[in-house]
Amino acid sequence: MGKLLEIKNLSIQFRHGQTIVKAVEGVHLDIYENEILALAGESGSGKSVTALSITRILPETADIISGQVFFQGQDLLKVSKAQIEAIRGRDISYIFQEAAASLNPVLTVGRQIQESILLHQNISKKEALNAAVDLLRLVKLPDPEHILSSYAHQLSGGMNQRVMIAMALSSRPKLLIADEPTTALDVTIEAEVIRMLLELKAKMKFSILFITHNLALVEKFTQRAAIMFRGRIVEQADSKKIFSSPGHPHTEDLIRSIIRL
Ligand SMILES: Nc1ncnc2c1ncn2[C@@H]1O[C@H](COP(=O)(O)OP(=O)(O)OP(=O)(O)O)[C@@H](O)[C@H]1O
Ligand SMILES: [Mg+2]
């Protein structure tokens with residue numbers, strides 16, 4: 001399997017007035033084609049900051065002080081603003097924890113999916129709406145026509161997250177960055193959504209960077225994992241191996257925390 005994304009020596013810090021807070025330090029991370037890679041670690045360890053830096057959507061107070069992010073032969077940290085904007089949302093898309101909050105409350109779900117399709121494809125509105133129906137089928141939402149005319153607040157958390165996944169996949173991305181996509185859902189729905197993501201990955205052949213603080217999900221659903229601790233990757237290995245013989249005391253702590261749960 002070829003490498004899809006290669007993060008090298010990435011360091012990021014935040015400016016708080018006169019003080020500087022290091023958030024990510026010397027991170028190396030490889031994502032292969034068609035794999036799901038888990039990025040796990042406690043709250044504040046730098047998972048989201050790493051993920052946001054890939055397409056340069058960090059807050060204004062963040063500075064990337066070193067590193068490279070190679071994607072299809074280019075360093076994304078160096079390409080022009082127009083190029084990164086084209087890559088973002090087309091080749092690399094995101095889903096986040098709060099699906100409902102990412103959706104516009106005053107537009108129907110259908111309008112929003114239609115608009116996200118029209119951003120990337122030169123087709124008619126009618127064709128985009130048909131494509132939206134197909135996408136909703138793909139994410140296994142029953143009665144797509146009904147969903148299209150609904151607003152986010154009329155749907156459950158799990159349904160909204162499926163809508164977000166449909167939108168994120170509308171451009172047929174090569175990499176889906178899923179930042180705690182199921183943390184807000186109850187455990188049964190969480191497992192359903194992750195299983196669906198894995199099926200879609202197999203069918204559409206994209207890679208997933210799956211960010212979580214839940215090592216149980218890592219063991220159950222991923223083959224490879226990177227563990228972050230205080231801004232650094234302390235371990236990057238086969239998920240099963242991480243469980244059977246954790247290579248860092250912090251990983252052991254994370255495993256203990258799920259046993260407690
Ligand atoms: N908007 C911000 N302003 C200032 N500092 C920030 C900001 N966002 C993140 N940080 C800093 O970066 C560090 C890493 O944060 P990040 O959001 O990447 O953690 P995380 O691993 O995603 O945690 P969580 O599991 O809670 O989502 C934090 O400890 C914090 O110091
Ligand atoms: Mg986070």
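Of all residues in region 163-183, those satisfying the criterion of being farther than 20 Å from Pro144 by Cα and at pLDDT below 95 are Glu180, Pro181, Thr182, Thr183. Only strands (runs of 3 or more DSSP E) whose full extent lies in region 1-65 are considered here, and the ones with at least 1 residues that are in contact with a Gly (Cβ under 7 Å, 6 or more places away or on another chain) and surrounded by fewer than 17 Cβ atoms within 10 Å (Cβ to Cβ) are 3-16, 19-32.
Can you find even one residue in region 86-94 that is within 15 Å of ligand 1 (Cβ to nearest atom), of a type outside the set (S, T, N, Q) and either crowded, with 17+ Cβ neighbours inside 10 Å or in the same structural domain as Lys203 (by TED's automatic domain parsing) (or both)?
Going residue by residue through region 86-94, those that are within 15 Å of ligand 1 (Cβ to nearest atom) are 94.
Filter once more, so that each one left must be of a type outside the set (S, T, N, Q): 94.
Add one more test, that the residue is either crowded, with 17+ Cβ neighbours inside 10 Å or in the same structural domain as Lys203 (by TED's automatic domain parsing) (or both), and what stays is 94.
Yes; the residues of region 86-94 include at least one that is within 15 Å of ligand 1 (Cβ to nearest atom), of a type outside the set (S, T, N, Q) and either crowded, with 17+ Cβ neighbours inside 10 Å or in the same structural domain as Lys203 (by TED's automatic domain parsing) (or both).
Of the helices (runs of 4 or more DSSP H) lying entirely inside region 101-203, those carrying at least 1 residues that are closer than 24 Å to Ala86 by Cβ and open to solvent by less than 20 Å² (accessible area, probe 1.4 Å) are 109-120, 125-138, 157-169. Taking (1) modelled with pLDDT under 95; (2) under 20 Å from the mean Cα position of the chain (by Cα) in turn, Asn122 satisfies each apart from (2).
The values are calculated or read from the model by the stated rules, or taken from the named source; none is laboratory data. Bear in mind the structure is a predicted one, so any value in this text is a computation, not a measurement. Here the Cβ is made from the backbone with ideal geometry for all residues, glycine too, and neighbour counts use every protein chain on show. Side chains included, ligands, DNA and RNA excluded: accessible areas come from the protein's heavy atoms. Shrake-Rupley method; radii C 1.70, N 1.55, O 1.52, S 1.80 Å.
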